[in-house]
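The values are calculated or read from the model by the stated rules, or taken from the named source; none is laboratory data. Computed from a predicted model, the values in this text were never measured in an experiment. Here the Cβ positions follow ideal geometry from the backbone for every residue, glycine too, while neighbour counts run over all protein chains shown. The area values use the complete protein model at the heavy-atom level, side chains included, leaving out ligands, DNA and RNA. Shrake-Rupley method; radii C 1.70, N 1.55, O 1.52, S 1.80 Å.
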Amino acid sequence: TPYEDHRDVCPFEDIALYSGWIRCGTIRVRYLPERMLRQFGYVQTTPHHPDAAANPLSTVTHIDQHWVQHMDRVLTSDMLGTHATRPSDTAPGYMSWYYKISHQHIIPFPAGYPVPLPESDAVADAAV
């Protein structure tokens, strides 16, 4: 949780949980806090596809309208889930998603190389 020790100086603002496009002029960047819930102190879940919150076909007009109604696009407590008790807390299945979908390895693991998974995910994978 970055800057947690400085909350008395600069309190956390809900706008940090806005999910969608951020734009400056013609430059637009996806900002998807649901993909980094652990940094906000929550259990990391398997996030939706990036296009669900920030459609690549969104026009500048759509992006501007989202900012006008930004509170409609801020993650709610239901979306955030539960507070993490440890910084490494993840929802079941997250680490499998992380290794298989999110972070394709540039250099593949050699055949038979054991990829470490949390015990809960390893049990779930063994059952499949």
- Message: Scan segment 81-93 and tell me whether some residue there is touching a strand residue (DSSP E or B) at 6+ places or on another chain (Cβ under 9 Å), β-branched (Val, Ile, Thr), at pLDDT 85 or above and within 13 Å of Leu37 (Cβ to Cβ).
- Response: yes
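Can you confirm whether Val60 is within 15 Å of the chain's Cα centre (by Cα) and modelled with pLDDT of 85 or more? First the steps, then the outcome.
Working: within 15 Å of the chain's Cα centre (by Cα): no; modelled with pLDDT of 85 or more: yes.
No, not satisfied.
Residues being farther than 27 Å from Glu4 by Cα and out of contact with any Phe, Trp or Tyr (no Cβ under 8 Å at 6 or more places or on another chain): count how many of those fall in segment 63-101. Break it down stepwise before answering.
Filtering segment 63-101 for residues farther than 27 Å from Glu4 by Cα gives 63-66, 68-69, 93, 96-97, 99-101.
Now restrict to residues that are out of contact with any Phe, Trp or Tyr (no Cβ under 8 Å at 6 or more places or on another chain): 64-65, 68-69, 93, 96-97, 99-101.
Number of matching residues: 10.
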- Considering segment 7-37 alone, what residues qualify as being over 17 Å from Ala53 (Cα atoms) and of a type in the set (Val, Ile, Thr)? Val9, Thr26, Ile27
- Task: With the checklist (1) at pLDDT 85 or above; (2) surrounded by 10 or more Cβ atoms within 10 Å (Cβ to Cβ); (3) hydrophobic (A, V, I, L, M, F, W, C) in hand, flag the one item Cys24 doesn't pass.
- Result: (2)
- Criterion violated by His105 - all others in (1) modelled with pLDDT under 85; (2) surrounded by 10 or more Cβ atoms within 10 Å (Cβ to Cβ) satisfied: (2)
- Message: Please count how many residues of segment 77-93 are of a type in the set (S, T, N, Q), touching a helix residue (DSSP H, G or I) at 6+ places or on another chain (Cβ under 8 Å) and open to solvent by 40 Å² or more (accessible area, probe 1.4 Å).
- Response: 1
- Message: What are the pairs with Cβ atoms under 8 angstrom where one residue, in segment 21-37, is hydroxyl-bearing (Ser, Thr, Tyr) and the other, located anywhere, is open to solvent by 60 Å² or more (accessible area, probe 1.4 Å)? Sequence gap at least six, or different chains.
- Response: Thr26/Val60; Tyr31/Ile22
- Can you name the residue in segment 27-45 that is within 24 Å of Ile63 (Cβ to Cβ) and hydrophobic (A, V, I, L, M, F, W, C) and, of all such residues, is surrounded by the most Cβ atoms within 10 Å (Cβ to Cβ)? Leu37
- segment 46-57 - residue that is open to solvent by less than 60 Å² (accessible area, probe 1.4 Å) and among the hydrophobic types (A, V, I, L, M, F, W, C) and, of those, nearest to the chain's Cα centre (by Cα): Ala53
